[in-house]
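The values are calculated or read from the model by the stated rules, or taken from the named source; none is laboratory data. Keep in mind that what you see is a predicted model, and the values were worked out from it rather than measured. No Cβ is skipped: glycine too gets one built from the backbone with ideal geometry, and neighbour counts run over all protein chains shown. Each accessible area value is taken on the protein alone, full model and side chains, heavy atoms only, with ligands, DNA and RNA left out. Shrake-Rupley method; radii C 1.70, N 1.55, O 1.52, S 1.80 Å.
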Amino acid sequence: MKYKLLVVGTMAYDAIETPFGKVHKILGGAATYIGLAASRFSIDCAVVSVVGEDFEKEHLALLKDKGIDVSGVEIVPGGETFFWSGRYHNDLNTRTTLDTRLNVLENFDPKIPDHLFTPDIVMLGNLSPDIQLAALAQIKNKPKLVVLDTMNFWMDHARESLDKVIEKVDVISINDEEARQLTDQYSLVKAAQMIHEMGPKYVIIKKGEHGALLFHNNEIFCAPALPLEEVFDPTGAGDSFAGGFTGYLTQTDDISFSNMKSAIIYGSAMASFTVEKFGTENLVNISHQAMSDRLKAFKELTTFEIE
Ligand code: AMP
């Protein structure tokens with residue numbers, strides 16, 4: 001039996017500038033990256049999102065080919081797909097958002113199809129918190145785990161609704177800068193404690209090329225990021241991480257802290273592939289061998305002995 005993962009998030013067209021090049025319109029969006037990363041696992045993965053009439057058929061087909069259920073992706077006649085544009089700085093760890101055009105997202109009222117009402121795990125990808133709340137309200141049985149990803153844009157524009165979603169989820173996954181903005185705390189340990197108090201039992205703080213931290217009560221797990229020779233485009237790293245994390249947890253049907261540590265490594269491995277090429281290009285072509293080599297590299301990177 002396969003366990004079920006429901007992903008809610010944006011599907012988008014992105015324009016990206018990095019020190020290594022520029023692209024004007026490529027497939028992006030949180031749900032796209034999450035779905036593609038999660039679909040590598042032996043699970044039933046479905047995406048709920050919205051796109052405009054301009055969304056290319058081949059892009060929807062790409063998700064379908066990976067076995068993703070896209071029956072919950074609404075196509076708005078005459079509408080334009082969500083558009084995001086960003087520029088990365090020389091260190092690739094920081095970026096400036098140049099443009100966010102919500103387009104069809106502005107009036108999106110998510111409708112979860114009946115057959116997707118009872119997922120084992122729900123991954124609320126980066127999206128308006130009001131839409132995240134509306135989607136969550138439609139889930140019938142309480143899922144084993146609800147995971148939330150968000151970003152500074154929603155902290156600036158929809159803080160009240162965001163606080164309501166944060167209260168309802170089990171795990172939150174955000175980057176260090178966002179954790180600091182959310183809590184007004186410089187120390188990430190203190191920030192994680194404050195976020196625990198807001199609701200989530202598990203707090204993941206991503207630190208780009210410096211890895212990720214998982215906090216649960218008084219326990220902390222620290223995962224490295226793989227030192228890579230070439231990083232081309234960090235877009236979607238956080239979402240690929242979320243897809244690897246939730247895909248692995250769904251497949252193994254085990255949400256213990258110790259299994260979450262392995263899930264973090266799967267997520268980090270997935271993110272490391274994404275950043276090596278522009279957009280989703282690398283993510284869709286990872287061989288089994290490449291994946292297992294990368295997991296091995298993570299293990300070697302962190303194993304040592306102390307007398
Ligand atoms: P990440 O690099 O993992 O933070 O995710 C990048 C993806 O998030 C891009 O493909 C964008 O289309 C999408 N994105 C950017 N801004 C937003 C936003 N405000 N809400 C939802 N998705 C966004």
Only one of Lys66, Lys57, Lys111 is touching a Ser or Thr at 6+ places or on another chain (Cβ under 6 Å), open to solvent by 50 Å² or more (accessible area, probe 1.4 Å) and away from the ligand (no atom under 16 Å from the Cβ), namely Lys66
Checked against (1) assigned to a helix (DSSP H, G or I); (2) touching a residue at least 24 places away in the same chain (Cβ under 8 Å); (3) polar (S, T, N, Q), Gln193 satisfies every condition except (2)
Being modelled with pLDDT under 95, touching a strand residue (DSSP E or B) at 6+ places or on another chain (Cβ under 9 Å) and open to solvent by 20 Å² or more (accessible area, probe 1.4 Å) narrows Val76, Val23 down to just Val23
When every residue in the range 227-258 that is within 16 Å of the ligand (Cβ to nearest atom) and polar (S, T, N, Q) is compared, the one surrounded by the fewest Cβ atoms within 10 Å (Cβ to Cβ) is Thr235
Members of the range 233-286 found to be among the hydrophobic types (A, V, I, L, M, F, W, C), touching an Asp or Glu at 6+ places or on another chain (Cβ under 7 Å) and not in a loop (DSSP other than H, G, I, E, B), listed by number: Ala242, Phe257
Output for the range 40-61, where each listed residue is within 19 Å of the chain's Cα centre (by Cα) and over 20 Å from Thr246 (Cα atoms): Val50, Val51, His59, Leu60
Pairs returned, first residue in the range 148-160 that is over 23 Å from Leu214 (Cα atoms), second residue that is open to solvent by less than 80 Å² (accessible area, probe 1.4 Å) and not β-branched (Val, Ile, Thr), beta-carbon separation under 8 angstrom, 6 or more apart or interchain, are Ala158/Ser128; Ala158/Pro129
Test result for Leu214, more than 27 Å from Thr18 (Cβ to Cβ), outside any helix (DSSP H, G or I) and either among the β-branched types (Val, Ile, Thr) or touching a residue at least 40 places away in the same chain (Cβ under 8 Å) (or both): yes
Kindly list the number of the only condition in (1) within 16 Å of the ligand (Cβ to nearest atom); (2) open to solvent by less than 10 Å² (accessible area, probe 1.4 Å) that fails for Ala191. (1)
So which residues in the range 215-246 are modelled with pLDDT of 95 or more, under 18 Å from Arg95 (Cβ atoms) and aliphatic (A, V, I, L, M)? Ala237, Ala242
What pairs come out if I take residues in the range 27-51 that are in contact (Cβ under 8 Å) with a residue 12 or more places away in the chain and more than 14 Å from the ligand (Cβ to nearest atom) and pair them with residues that are open to solvent by 10 Å² or more (accessible area, probe 1.4 Å) and small (Gly, Ala, Ser) whose C-beta lies under 6 Å away, six or more apart or interchain? Ser39/Gly67; Cys45/Ser39
Lone unmet requirement of (1) surrounded by 18 or more Cβ atoms within 10 Å (Cβ to Cβ); (2) at pLDDT 95 or above for Leu92: (2)
Please verify whether Met291 is open to solvent by 10 Å² or more (accessible area, probe 1.4 Å) and part of a helix (DSSP H, G or I), treating the condition exactly as stated. yes
Taking the options Lys261, Lys277, name whichever one is at pLDDT below 95, more than 11 Å from the ligand (Cβ to nearest atom), among the basic types (Lys, Arg) and surrounded by fewer than 17 Cβ atoms within 10 Å (Cβ to Cβ). Lys277
Checking Phe241 against (1) among the aromatic types (Phe, Trp, Tyr); (2) in contact with a strand residue (DSSP E or B) (Cβ under 7 Å, 6 or more places away or on another chain); (3) free of Cβ contacts under 8 Å to residues at least 60 places away in the same chain: exactly one of these is not met. Which one? (3)
